[in-house]
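Below is one structure, written out as structure tokens, with a few remarks after it.
Every number in this text was worked out from the coordinates using simple rules, so none of it is lab data. Being a predicted model, the structure only gives us computed values, none of them experimental. Don't worry about glycine lacking a Cβ; one is built from the backbone with ideal geometry, like all the others, and counts go over all protein chains shown.
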Amino acid sequence: MRSRHSRAVAVGAVVTIAALAVTACTGGSGKGARSSATTRAPSQAAGIQAIRHIVVIMQENRSFDSYFGTFPGADGIPMRDGVPTVCIPDPARGSCARPSVDHADVNGGGPHSEANAVADVNGGKMDGFIGQAESGRRGCLDVTNPACTNSATPDVVGYHTGSDIPNYWSYARNFVLQDHMFEPNASWSLPEHLFQVSEWSANCSRHDDPTSCVNALQSPGLPPDQAALRRNGAPGRPPIYAWTDLTYLLHKNNVPWGYYVVTGTEPDCQDDAAVSCAPVRQNARTPGIWNPLPFFDTVRQDGELRNIQTVDNFYAAAKNGTLPAVSWIAPSGAVSEHPPATVSAGQSYVTSLVNAVMRSPDWTSTAIFLAWDDWGGFYDHVVPPKVDQNGYGLRVPAIVISPYAKKGFVDHQRLSFDAYVKFIEDVFLHGQRLDPRTDGRPDPRPTVREDVKILGDLAADFDFSQPPQPPMVLPVHPATTLTRRGAG
């Protein structure tokens, strides 16, 4: 039997967990949660102008069912009388395995490239997860390699409970949980991060020539630090990202933005009872796959490389009430939740970011979008919709945190991270899209993703007529049921 303990193992350090009960949450429990609206009410269209700051916090490699598969009111793991009704084939054992509770702080996950997404979905059966984990590479020096399985024994059908990740469940209970958020691309982290800032993943042959770009779902130009992913192991040249990204439109419209990276640190507060803390520096680099903007032609041409900053500057801007209109935040490996990083360190880091915004003078005009970039090989039961040759990918956890977020609301709209770009464009760009017919930089992207008909509208997650919710500051080291046992 797994035992409850008060310490969790972080990558490269031990994160102390406070012997404190999680602050009791008030309001909606998720039971009987209202279903989402399918169209935007007129008041919502006008009300989004109350949002003057958008913060996108992107973590790594978790499926919706692995974190919120038992959340009340959500489309979670199929069960009858509390027992999963699905059993996932285990080719190595000639049997099958049902989803089960896994309190381990360190998980292994499975391979999560384009081919693995296809195999996991398996024509809509959603049953390829264990087989893919068993066939994944092991002992990889680069644990972010999407071909790797970071576990000796597959744990991809394990799921966490609310007591494992109490802060994440508190945000879901008190704000908005989105239970049909899909990765925009059916592939791994680099293509997703490209979609996150540009709505496309491509290979380009010439700088300053968007027409030289061709669709590349699995293998866009790799950053030079990803030599381990190259067949010959040789260092690569900087990639050419010549197509149009969102910062191009933001710059044209004088909308300030920041892309904040954690340069190899973790949130190790000196005071365990602290409710907000900046990361402690360590000697490591944030992988280029999570920070692609420096390679975009538009960013360099617009003189905006300075906007790509250390996360310390985000904490300072929040404290001073000087957040830019749009912020993206990318983690380091240690706090990313990307296996084999610990769940606890990631939750502590995210909590410190959210607390910083909640304590900020900018809280009353901010919307935080928290999500995990891809499914990481973990089981999910919902078949992804298909919008074009690139996606959607598998379902991931996603939460909206804002004083205007509907309290205790579970949003069932079909969404992808394209909805974040669409919302940013609606709030700050009067609905301008990354559309080669109108944005002034014609590239051959296959789809204007923000205008896909099945894409829901994030405005449905807000109620601008309600009194703004006060900050809900949580301890960065909540008591959890996470255990030291993990992938090995």
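Details
- 3J(HN,Hα) along region 48-57, derived from phi through the Karplus expression 6.51 cos²θ - 1.76 cosθ + 1.60 where θ = phi - 60°, amounts to 5, 5, 5, 8, 10, 9, 10, 10, 9, 9 Hz, with x in place of Gly and Pro.
- Cβ-based net charge around ASP297, under 13 Å, with every Lys or Arg adding one and every Asp or Glu removing one: -3
- Gain in span if fully extended, ASP312 to ARG300, counting 0.36 nm per residue against the direct Cα distance: 2.1 nm
- In this structure, the pairs whose alpha-carbon distance is over 19 Å, taken from LYS407/LYS453; LYS252/LYS319; LYS252/LYS422, are LYS407/LYS453; LYS252/LYS319.
- In plain terms, if you count all Cα to Cα distances in region 147-211 and split them into 5 Å steps from zero, the share in each step is 3, 11, 11, 14, 18, 18, 10, 4, 6, 3, 0 percent.
- Residues listed by number, region 76-111, amide nitrogen under 14 Å from ASN122 label point at 7 Å toward C-beta: 86-99
- Each listed q (0.09, 0.17 Å⁻¹) maps to a log10 I(q)/I(0) for region 278-384, found by the Debye formula over equal Cα scatterers with no solvent: -0.29, -0.98.
- Straight-distance candidates among the lysines for linking to LYS125, with alpha-carbon spacing under 19 Å and chain neighbours fewer than 8 residues away dropped: LYS386.
- Remark on LEU455: its backbone amide H falls under 5 Å from none of the residues 5 or more positions apart or on other chains, H modelled at 1.01 Å from N.
- Residue-count net charge about MET472 - beta-carbon cut-off 15 Å; Lys, Arg +1, Asp, Glu -1: +4
- Integer Hz, Karplus 6.51/-1.76/1.60 couplings in order for region 438-454, x for Gly and Pro: 10, 8, x, 9, x, 10, x, 4, x, 8, 7, 4, 5, 9, 4, 4, 7
- Within region 371-386, backbone nitrogen closer than 19 Å to the virtual label 7 Å beyond the Cα of ALA115 toward Cβ: 375-378
- Net charge of Cβ neighbours under 13 Å - reference ILE329; Lys, Arg +1; Asp, Glu -1: -3
- Set of aspartates and glutamates with alpha-carbon distance to LYS406 below 15 Å, sequence-local pairs under 8 removed: ASP179, ASP457, ASP461, ASP463
- Among the trypsin sites (Lys or Arg not before Pro) in region 412-488, those placed in a DSSP loop whose Cβ has at most 12 other Cβ atoms within 10 Å are ARG437, LYS453.
- All Cα pairs of region 90-135, percent lying beyond 13 Å: 61 percent
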